[in-house]
1. For VAL73, indicate whether it is touching a Gly at 6+ places or on another chain (Cβ under 7 Å) and surrounded by 10 or more Cβ atoms within 10 Å (Cβ to Cβ).
2. Across the stretch 41-64, what is the total count of residues that are in contact (Cβ under 8 Å) with a residue 24 or more places away in the chain and either open to solvent by less than 90 Å² (accessible area, probe 1.4 Å) or of a type in the set (Ser, Thr, Tyr) (or both)?
3. Out of curiosity, is ASN85 exposed (fewer than 10 other Cβ atoms within 10 Å of the Cβ) and either over 25 Å from the mean Cα position of the chain (by Cα) or not β-branched (Val, Ile, Thr) (or both)?
4. When you check ALA38 against the structure, is it in a helix (DSSP H, G or I), surrounded by 10 or more Cβ atoms within 10 Å (Cβ to Cβ), at pLDDT 90 or above and at negative phi, yes or no?
5. Kindly indicate whether LYS44 is at pLDDT 90 or above, closer than 30 Å to SER91 by Cβ and assigned to a helix (DSSP H, G or I).
6. For GLY68, which of the numbered conditions (1) under 19 Å from GLY100 (Cβ atoms); (2) surrounded by fewer than 14 Cβ atoms within 10 Å (Cβ to Cβ) fails to hold?
7. Touching a strand residue (DSSP E or B) at 6+ places or on another chain (Cβ under 7 Å), of a type outside the set (S, T, N, Q) and in a helix (DSSP H, G or I): which single residue out of LEU50, LEU54, LEU19, LEU80 fits that description?
8. Could you tell me whether LEU47 is touching a Ser or Thr at 6+ places or on another chain (Cβ under 8 Å) and within 17 Å of GLY100 (Cα to Cα)?
Amino acid sequence: MMPTILAFQSAPPGGGGLLPTLGMWALIIAIFYFIVFAPVRKQKKALQELLDKLKKGDKVVTNGGIYGEVAAVEPTTVILKVSDNVKIKISRSAIAGLQGEGDPGSNR
(Lines give C-alpha, C1' and ligand atoms only; values in the text may rest on other atoms or scores of the structure.)
Protein backbone atom coordinates (compact mmCIF):
# COMPACT_ATOMS: atom_id res chain seq x y z
CA MET A 1 0.00 0.00 0.00
CA MET A 2 1.24 3.39 -0.95
CA PRO A 3 0.94 6.32 1.49
CA THR A 4 -1.25 9.16 0.34
CA ILE A 5 0.15 12.66 0.23
CA LEU A 6 -2.23 15.33 1.32
CA ALA A 7 -2.19 18.66 -0.51
CA PHE A 8 -2.39 21.97 1.31
CA GLN A 9 -5.84 22.45 2.64
CA SER A 10 -7.46 25.78 1.85
CA ALA A 11 -9.52 27.79 4.30
CA PRO A 12 -13.24 27.22 4.19
CA PRO A 13 -15.08 29.75 2.03
CA GLY A 14 -16.83 32.64 3.77
CA GLY A 15 -13.89 34.20 5.60
CA GLY A 16 -14.90 33.41 9.17
CA GLY A 17 -18.07 35.35 9.76
CA LEU A 18 -19.33 38.78 10.62
CA LEU A 19 -18.20 39.00 14.25
CA PRO A 20 -14.42 38.92 13.61
CA THR A 21 -14.83 41.50 10.84
CA LEU A 22 -16.77 43.85 13.11
CA GLY A 23 -14.21 43.33 15.85
CA MET A 24 -11.39 44.26 13.50
CA TRP A 25 -13.19 47.44 12.40
CA ALA A 26 -13.89 48.39 16.02
CA LEU A 27 -10.19 47.97 16.81
CA ILE A 28 -9.18 50.13 13.84
CA ILE A 29 -11.65 52.86 14.86
CA ALA A 30 -10.43 52.79 18.47
CA ILE A 31 -6.79 53.11 17.41
CA PHE A 32 -7.69 55.95 15.04
CA TYR A 33 -9.55 57.73 17.84
CA PHE A 34 -6.63 57.55 20.27
CA ILE A 35 -4.11 58.64 17.64
CA VAL A 36 -6.09 61.52 16.09
CA PHE A 37 -9.09 62.74 18.07
CA ALA A 38 -7.97 62.41 21.70
CA PRO A 39 -4.82 64.59 21.33
CA VAL A 40 -6.77 67.26 19.42
CA ARG A 41 -9.42 67.38 22.13
CA LYS A 42 -6.74 67.63 24.82
CA GLN A 43 -4.99 70.46 22.95
CA LYS A 44 -8.27 72.39 22.53
CA LYS A 45 -9.00 72.02 26.24
CA ALA A 46 -5.54 73.34 27.15
CA LEU A 47 -5.95 76.35 24.82
CA GLN A 48 -9.38 77.13 26.29
CA GLU A 49 -7.92 77.05 29.81
CA LEU A 50 -5.16 79.42 28.67
CA LEU A 51 -7.71 81.82 27.17
CA ASP A 52 -9.79 81.72 30.36
CA LYS A 53 -6.73 82.57 32.52
CA LEU A 54 -5.42 85.31 30.20
CA LYS A 55 -4.41 88.44 32.09
CA LYS A 56 -2.80 91.82 31.53
CA GLY A 57 0.94 91.55 30.91
CA ASP A 58 0.91 88.08 29.29
CA LYS A 59 3.04 87.87 26.16
CA VAL A 60 1.10 86.05 23.45
CA VAL A 61 1.23 85.15 19.79
CA THR A 62 -1.86 85.18 17.57
CA ASN A 63 -2.93 82.71 14.89
CA GLY A 64 -1.79 85.29 12.33
CA GLY A 65 1.72 85.40 13.80
CA ILE A 66 1.45 88.73 15.62
CA TYR A 67 3.46 88.96 18.83
CA GLY A 68 2.33 91.26 21.58
CA GLU A 69 1.56 91.88 25.21
CA VAL A 70 -1.96 91.81 26.61
CA ALA A 71 -2.94 95.35 27.60
CA ALA A 72 -6.58 94.61 28.54
CA VAL A 73 -8.90 91.62 28.62
CA GLU A 74 -12.58 91.92 27.72
CA PRO A 75 -15.18 89.12 27.64
CA THR A 76 -14.77 88.31 23.92
CA THR A 77 -11.82 90.46 22.84
CA VAL A 78 -8.30 91.33 23.92
CA ILE A 79 -6.40 94.60 23.51
CA LEU A 80 -2.91 93.64 22.38
CA LYS A 81 0.07 96.00 22.61
CA VAL A 82 2.29 95.16 19.65
CA SER A 83 4.67 98.13 19.90
CA ASP A 84 5.05 101.44 21.71
CA ASN A 85 1.83 103.41 21.19
CA VAL A 86 0.37 100.65 18.97
CA LYS A 87 -2.54 98.63 20.33
CA ILE A 88 -4.90 96.41 18.40
CA LYS A 89 -8.19 94.81 19.37
CA ILE A 90 -8.43 91.13 18.51
CA SER A 91 -10.81 88.29 19.22
CA ARG A 92 -9.85 86.02 22.11
CA SER A 93 -10.10 83.03 19.82
CA ALA A 94 -7.33 84.51 17.62
CA ILE A 95 -4.73 83.86 20.31
CA ALA A 96 -2.67 80.77 19.55
CA GLY A 97 -0.72 80.64 22.80
CA LEU A 98 1.82 82.24 25.05
CA GLN A 99 5.20 83.26 23.68
CA GLY A 100 7.86 80.73 24.54
CA GLU A 101 5.63 77.64 24.81
CA GLY A 102 6.96 75.61 21.91
CA ASP A 103 7.00 78.75 19.79
CA PRO A 104 9.93 78.85 17.33
CA GLY A 105 9.96 82.66 17.14
CA SER A 106 10.04 83.26 20.89
CA ASN A 107 13.77 83.90 21.15
CA ARG A 108 13.62 87.49 19.97
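1. The answer is no for VAL73.
2. 9
3. So ASN85 passes the test.
4. Taking the combined requirement at face value, the residue does not satisfy it.
5. It is true that LYS44 is at pLDDT 90 or above, closer than 30 Å to SER91 by Cβ and assigned to a helix (DSSP H, G or I).
6. Condition (2) is where GLY68 drops out.
7. Selected residue: LEU50, the only one of LEU50, LEU54, LEU19, LEU80 that is touching a strand residue (DSSP E or B) at 6+ places or on another chain (Cβ under 7 Å), of a type outside the set (S, T, N, Q) and in a helix (DSSP H, G or I).
8. The answer is no for LEU47.
The values are calculated or read from the model by the stated rules, or taken from the named source; none is laboratory data. None of the values given here were measured: they were computed from a predicted structure. Virtual Cβ from ideal backbone geometry, glycine too; neighbours counted across all protein chains shown. Please note that ligands, DNA and RNA were not included when accessible areas were found on the heavy atoms of the full protein model with its side chains. Shrake-Rupley method; radii C 1.70, N 1.55, O 1.52, S 1.80 Å.
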